[in-house]
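One structure is given below, encoded as C-alpha cells.
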Amino acid sequence: MQSLNNHSFFHTLEAPGASGLVVFTKPGCGACRHVKALLLALAADIPAPLYELNVEESPGVAAELDVFHLPAMFLFRDGALWGELHAEARREALLAAIEAAWRSV
C-alpha cells in the first residue's frame with residue numbers, strides 16, 4: 001500500500017487513466033489499522049492500486065474531500081473521483097462493496 005500526502009494525492013490519482021482505492025487513516029486509530037489489514041489481505045483481489053493517506057500528516061486532502069470519520073475510503077477511476085466507499089469492516093463485505101463500486105463506475 002503506497003502512502004500519499006497533500007502533494008502527491010491529486011497528482012497520482014487525477015492523472016489521465018489513474019485509478020486507485022485510498023484509505024484515510026491516522027496513527028492510533030484501531031479501526032483504521034483493522035481496515036488497512038483487511039485491504040492488504042484483499043490486495044490481490046482488488047482491481048485497483050491501494051493507497052493510504054495519514055490525515056494527521058496531510059490534513060488538506062481530507063478537508064477538501066470532507067472526510068469527517070476514519071477510516072474513510074475513496075475510489076478513483078480513470079483520473080476522476082468516483083466517490084466514497086462504505087462497507088462493513090469485514091473481509092466479505094469490503095470486497096463485495098469494492099467490486100460493486102468498480103463495476104458501476
So who's got an amide H within less than 5 Å of the one on L53, skipping anything under 5 residues away but keeping other chains? H placed 1.01 Å off N, in plane. L4, V23, F24, T25
For the range 2-104 the mean separation of alpha carbon contacts under 8 Å (6+ apart) over residue count, i.e. relative contact order in percent, is 36 percent
Count charges around A96 for me, please; just the other residues with Cβ under 10 Å from its Cβ, Lys/Arg as +1, Asp/Glu as -1. -1
Antiparallel DSSP bridges in the chain: what percent, to the nearest 5? 55 percent
Let me know the charge dipole size of the chain about its Cα centre in debye, to the nearest 20, where only the beta-carbon of Lys, Arg (+1) and Asp, Glu (-1) is charged. 260 debye
CD proxy, 222 nm, the chain: helix-only mean residue ellipticity via -39,500 (n - 2.57) per DSSP H run with n ≥ 4, per residue, nearest 500, stands at -10500 deg cm²/dmol
Quick one: Karplus J couplings for the range 67-77, per residue in order, coefficients 6.51, -1.76, 1.60, θ = phi - 60°, nearest Hz, x for Gly and Pro? 7, 10, 9, 10, x, 10, 10, 10, 10, 10, 8
The answer for V67, listing residues at least 5 apart or on another chain whose modeled amide H is closer than 5 Å to its amide H, is none
Nonlocal amide H pairs with S19, under 5 Å, H built at 1.01 Å: D78, G79
Can you pull a Stokes-Einstein diffusion coefficient for the range 2-104 at 37 °C (0.692 mPa s), Rh from Kirkwood over Cα pairs, as a whole number of µm²/s? 243 µm²/s
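Bear in mind that the values in this text are calculations on the coordinates, not laboratory data. Computed from a predicted structure; not experimentally measured. Backbone-built Cβ (ideal geometry, glycine too); neighbour counts: all protein chains shown.
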